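The values are calculated or read from the model by the stated rules, or taken from the named source; none is laboratory data. On a predicted model such as this, the values are computed, not experimentally measured, just so you know. Cβ sites come from the backbone with ideal geometry, for glycine too, and all protein chains shown count toward neighbours.
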Amino acid sequence: MHLASSLLGSVSNFGSPQGVTKQDGWNHLLWNISFWFALPITLLVVCLIGYALFRYRERPGKERVPAQFQYHIPIEAAYTIIPLVVVAVIFGFMFNAENQQSKSPAPAAGNVLKITVDGFQWGWRFVYPNGHAEVGTADYTNINTNSDLPVLYLPANEPVQLHLVSLDVVHTFYVKDFLYNRDLIPGVDNNVNFTVKTPGIYQGQCNNICGEYHAYMRFLVQVMPADQYNQWYANQPACSVTTAGISGPPAPGTCDSQLSKGFQAGL
Amino acid sequence: MTLLEDRPQPPSEEHNPLLMDIVPGPRPAGLVKYITSTDHKQIGLNYLVTGLLAFVVAGIMALGMRTQLIVPNNHFITADVYNQLFTIHGTIMLFVFAGPFGFAGFGNYLVPLMIGAPDMAFPRFNNLSYWLYLGGFSLLMAGFLTNNGAAQFGWFGYAPLTEAIHSPGPGGDLWLVGIALTGFSGIFSAVNIITTIFTLRAPGMVMFRMPIFVWNILVTMFLVLLAFPVLTSAFALLWIDRHLGGNFFNTQKGGQPILWQNLFWFFGHPEVYIIALPYFGVVTEVLASMCRKPVFGYKGMIAATLSIGALSMGVWAHHMYTTGAVLLPFFAAMSLLIAVPTGIKFFNWIGTMWRGTIVLNTPLLFSIGFLIQFLMGGVTGVILAQPVLDFQLHNTYFVVAHFHYVIMGLVFGGLAGLYYWYPKMTGRMFDERWGKASFILLLIGFNLTFFPQHDLGLRGMPRRIETYNAGLGWNFLNELSSIGSYITGLGVVATVINLVKSYRSGPIAGDNPWDAQTLEWACSSPPPDHNFEALPPIRSERPVWDANHPDMLTKVGH
Amino acid sequence: MKVESRTIIGAFVFLVILAAAYWAMVATYGHTAERSGIAMLIFSFSAYGLLGFYLLAQYFRRHGTPRVEDRFDATQEEGAGVIDYFPAASIWPAGMGLGMIFGGCALVWGLWYLYIGGILFIGSVIGWVTESDYTEDVLPGIDPAELADHEVPSGPSLPHHG
């Protein structure tokens, strides 16, 4: 049952999952182009191998002399040039998609929501412009509980910029439904831009080995319609900290360090 | 004790004693031979047996990991042990098994035989490199015996996780030293094999008559010479950080963790081709021999190998697309370009099979297995070479599936070679039934293990996680994958049984059981010390075939 | 040596072009850490250049007389004779390897291992070097006249540099 649904799911779009951001169209385009080239080539190669194996297999009693030929310049030229063309076409589409994807949303837009994402062993801290922070680490004994996870609240259909900062080792910000990975590397400042279309709750996870409890370094992304988000945001006092769903008053001096961590790179 | 080696004489009527016969000297046997031998064949066998042992050991680690992942929220092993297992599994598979098994194992055994040389250029150096290799393997394994356990940061050990404050204890140091020793072993082998190929060829064995396997080993060895020094220097920096308070990878003091990634992958991507090229060569030899035909585009094949070697020096950062600190178009273009020479190789392999007489025995089946698996790995490689798609799939199980298809493809190639040269190495024929059973088990088990992982990656399962949440739709695919891994294990057991059983009781094979083409089949099985009693004239890239079938010489086409 | 040297010089030229292109792109668009890539590419083409031009020099030194292994029409008779010196079984590589492994352990657990490793290493080097005294002790117990019988008198006995 599960297998059947997974196979059927794979047929449309060659198995690529649906994303929820405005940028994911480029992924589908490239994925489909890759498959339109890859499937015929793979089938051709497999069929040629299969045909040769069947047609030219050694059959006892039917001895035949193997042909001792070598080199055929036209064929050799063809199987050099055609792959070159295919690769060039794929590269052209990819180059265009990559440029378009990294351009959107236009950085000039002044209303971009800027959120700092801090990764640490083994949890996340999301710091909002007013200094409010959402922090959480997982329950290391039971991965099935989601109650302790930190939540990244985002508005739908509005451009968001995430500033990715690692507080210790290399982590990766990965939300499967965004079809996107980006590393948090000490010494490298990464900003990523999103516009999420569909409200909902999405699973996120660190995607780079970062020590013992790497598997538990998860988080949730809650995408809300803009008015709901604004309401939520208005209810968060500046510099307050919400740890694992329980909000508390700001600890003295916390806000400065949160702001300085996240905003040191001129965000 | 020393020997001077005579160039083998052409076959002649009158008895002409070889110099070897008249030189007195120790002919050690057993353990003493294993330790002291300078014979390239003994050392090659040492590498092959040790490599196979490493394959089994690291495979058992993989079974441990798959057992941990068979159900969600599992606590079969702790996170700590799981991290050690995947780190050492990856390290041993790449540095101790896949690489040395090909270029040092097959390379040592076959290169002198294939070019008509009596031994390697530096036989004692050769022996030394085996001991460094064994030492590296032992130190990697010794990590498990230390208090904090073996290294836990993955086989590419991204700084700063590898720094002393995040990974204290000797486990990480043993990982460093173990890999560095196998690296030195690789460099010594490279110097040795390159010198052998350049200076010890038989008369008439010009460069463009060497078997494809020898060409591939040559290019591999050049990649080793460039890649391993970079890795060793990166390790020196990391060791200074860990022990002498250096700050190369410490941001607080002005270091750059991403420097490690650049250094490591500058080694790491050529390493992929260091692993792959020898098995490309093995498969080419097996296909040509089992199809009774010359390699279709011999020079095209060499050109493809050379361009893979050259291009592989310019693709290292395609492992780092998601860092946001690399030139995406440059590395994407170079990575996509590598698909072209690889494609040329595929069509050459098909051309070699075309209109031949294909003998469907175990070595050939394993070669076909290699073609199919590697094709799958190559296609997913083209997908991952595109930055936009890599942003989606980076470090997920899709990547795991991709490189396991590549590397298990190479393992199929390695087993093809092992079966193909088994009669030459031991003098005995293996058991076809066990060989075919092993092939079928491996093919089913392997695909069952890794094909579902493509889908797992698309469903967002990150690699290297010790366990996972039950509600993400990953349970059934993981179950399939784990069951497949046990079947793969059975397939390996079947091959090991076959090899051991046939070594003791297989039928005597004879010098040239496959009616093969290249020079190693001109000496007896197993070859004597210093290899050749007599060499046939070398007038093409398949001298033994020419001597046995003067009526079926190569006809050059258009 | 022609094919050998040209192959490696070809790789050298490719890597020079690659390094130049990469340098130009990094200087324009790249991240600071990518300068390490330029350094590594320079190292790579230097290494290939060193070897390639050495082999080319070897090729020119022969003034157009190719070695037997470089001639398409060479027969086995032409190559007969002494090739090189091949040592028999020896314990010293194992000792030297053990010394280097102990040296590696010193990097993990401290200097004590280096003392053991150093003694093993130096001892093995001495053993290795004295064992292979090519000039004095080539073939003990063998009549040199017997050796001479194995050289083909008319062969163009080109020297082999092992």
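Things worth noting here:
- Where strands (runs of 3 or more DSSP E) fall entirely within segment A:163-219, those with at least 3 residues that are free of Cβ contacts under 8 Å to residues at least 40 places away in the same chain and at the interface with chain B (Cβ under 7 Å from one of its Cβ atoms) are at A:180-184.
- Residue match in segment C:82-93 (condition: within 9 Å of chain B (Cβ to nearest Cβ) and either part of a helix (DSSP H, G or I) or surrounded by fewer than 15 Cβ atoms within 10 Å (Cβ to Cβ) (or both)): yes
- Failed criterion for B:Thr162 (all others in (1) facing another protein chain (nearest Cβ under 10 Å); (2) in contact with a helix residue (DSSP H, G or I) (Cβ under 7 Å, 6 or more places away or on another chain); (3) surrounded by fewer than 24 Cβ atoms within 10 Å (Cβ to Cβ); (4) of a type in the set (Ser, Thr, Tyr) hold): (3)
- Some residue of segment B:65-78 being under 18 Å from the mean Cα position of the chain (by Cα) and more than 30 Å from B:Asp529 (Cα to Cα): no
- Here C:Leu50 clears all of (1) surrounded by fewer than 17 Cβ atoms within 10 Å (Cβ to Cβ); (2) at the interface with another protein chain (Cβ under 8 Å from one of its Cβ atoms) except the condition numbered (2).
- Residues being under 23 Å from B:Gln152 (Cα atoms) and part of a helix (DSSP H, G or I) - total across segment B:445-466: 2
- Within segment B:167-224, the residues that satisfy the criterion of being among the polar types (S, T, N, Q) and either at positive phi or in a helix (DSSP H, G or I) (or both) are B:Thr182, B:Ser185, B:Ser189, B:Asn192, B:Thr195, B:Thr196, B:Thr199, B:Asn216, B:Thr220.
- Restricting A:Phe120, A:Phe91, A:Phe173, A:Phe69 to those that are modelled with pLDDT of 85 or more, of a type in the set (Phe, Trp, Tyr) and within 18 Å of the chain's Cα centre (by Cα) reduces the list to A:Phe173.
- Checking each residue in segment C:42-85 for being free of Cβ contacts under 8 Å to residues at least 60 places away in the same chain, closer than 16 Å to B:Met207 by Cα and among the β-branched types (Val, Ile, Thr) picks out only C:Thr75.
- Qualifying residue in segment A:35-56 (condition: at pLDDT 90 or above, outside any helix (DSSP H, G or I), surrounded by 16 or more Cβ atoms within 10 Å (Cβ to Cβ) and not assigned by TED's automatic domain parsing to the domain that holds A:Pro199): yes
- Boolean, B:Gly59 is more than 21 Å from A:Cys210 (Cα to Cα) and of a type in the set (Gly, Ala, Ser): yes
- Looking only at segment B:377-389, residues that are more than 8 Å from chain A (Cβ to nearest Cβ) and part of a helix (DSSP H, G or I) come to 5 in all.
- Note on segment C:53-62: among residues that are surrounded by 14 or more Cβ atoms within 10 Å (Cβ to Cβ) and more than 10 Å from every other protein chain (Cβ to nearest Cβ), the one that is nearest to B:Pro229 (Cα to Cα) is C:Phe53.
- Filtering segment B:186-228 to residues that are without any contact (Cβ under 8 Å) to a residue 40 or more places away in the chain and surrounded by fewer than 24 Cβ atoms within 10 Å (Cβ to Cβ) leaves B:Ile194, B:Phe198, B:Val206, B:Met207, B:Leu225.
- Residue in segment B:282-303 that is free of Cβ contacts under 8 Å to residues at least 12 places away in the same chain and assigned to a helix (DSSP H, G or I) present: no
- Of all residues making up segment B:523-550, the number that are among the aliphatic types (A, V, I, L, M), under 16 Å from B:Val111 (Cα atoms) and modelled with pLDDT under 90: 1
- Looking only at segment B:229-247, and only at residues there that are touching a residue at least 40 places away in the same chain (Cβ under 8 Å) and under 22 Å from A:Leu167 (Cα atoms), the one that is nearest to the chain's Cα centre (by Cα): B:Leu238
- Residue within segment B:24-42 that is touching a Gly at 6+ places or on another chain (Cβ under 8 Å), at negative phi, within 14 Å of chain C (Cβ to nearest Cβ) and without any contact (Cβ under 8 Å) to a residue 24 or more places away in the chain present: yes
- Among residues of segment C:6-18 that are more than 7 Å from every other protein chain (Cβ to nearest Cβ), those with a beta-carbon under 8 Å from a residue that is among the aromatic types (Phe, Trp, Tyr) and crowded, with 20+ Cβ neighbours inside 10 Å at least six positions away or on a different chain give the pairs C:Ile8/B:Phe222; C:Ile8/C:Tyr48; C:Ile9/C:Tyr48; C:Phe12/C:Phe45; C:Phe12/C:Tyr48; C:Val16/C:Phe45.
- Identity of the residue in segment B:136-152, in a helix (DSSP H, G or I) and surrounded by 24 or more Cβ atoms within 10 Å (Cβ to Cβ), that ends up nearest to the other protein chains (Cβ to nearest Cβ): B:Leu139
- Scan segment B:500-539 for residues that are touching a strand residue (DSSP E or B) at 6+ places or on another chain (Cβ under 6 Å) and not in a loop (DSSP other than H, G, I, E, B) and the total you get is 1.
- Selected residue [hydrophobic (A, V, I, L, M, F, W, C) and within 14 Å of another protein chain (Cβ to nearest Cβ)] from B:Met93, B:Met120: B:Met120
- Condition met for C:Ser44 (within 9 Å of chain B (Cβ to nearest Cβ), in a helix (DSSP H, G or I), more than 25 Å from the chain's Cα centre (by Cα) and not aromatic (Phe, Trp, Tyr)): no
- Test for B:Thr67: is it farther than 22 Å from B:Gly489 by Cα, among the polar types (S, T, N, Q) and more than 14 Å from chain C (Cβ to nearest Cβ): no
- B:Leu85 being farther than 24 Å from C:Ile91 by Cβ, assigned to a helix (DSSP H, G or I) and free of Cβ contacts under 8 Å to residues at least 40 places away in the same chain: yes
- Test for C:Phe102: is it under 28 Å from B:Ile240 (Cα atoms), of a type in the set (Phe, Trp, Tyr), assigned by TED's automatic domain parsing to the domain that holds C:Ala19 and buried (at least 20 other Cβ atoms within 10 Å of the Cβ): no
- Residue that is crowded, with 24+ Cβ neighbours inside 10 Å and either over 30 Å from B:Leu259 (Cα atoms) or free of Cβ contacts under 8 Å to residues at least 60 places away in the same chain (or both), where the choices are B:Gly351, B:Gly377, B:Gly381: B:Gly351
- Residues satisfying the stated conditions in segment C:27-40, i.e. facing chain B (nearest Cβ under 7 Å) and in a helix (DSSP H, G or I): C:Tyr29, C:Ala33, C:Glu34, C:Ser36, C:Gly37, C:Met40
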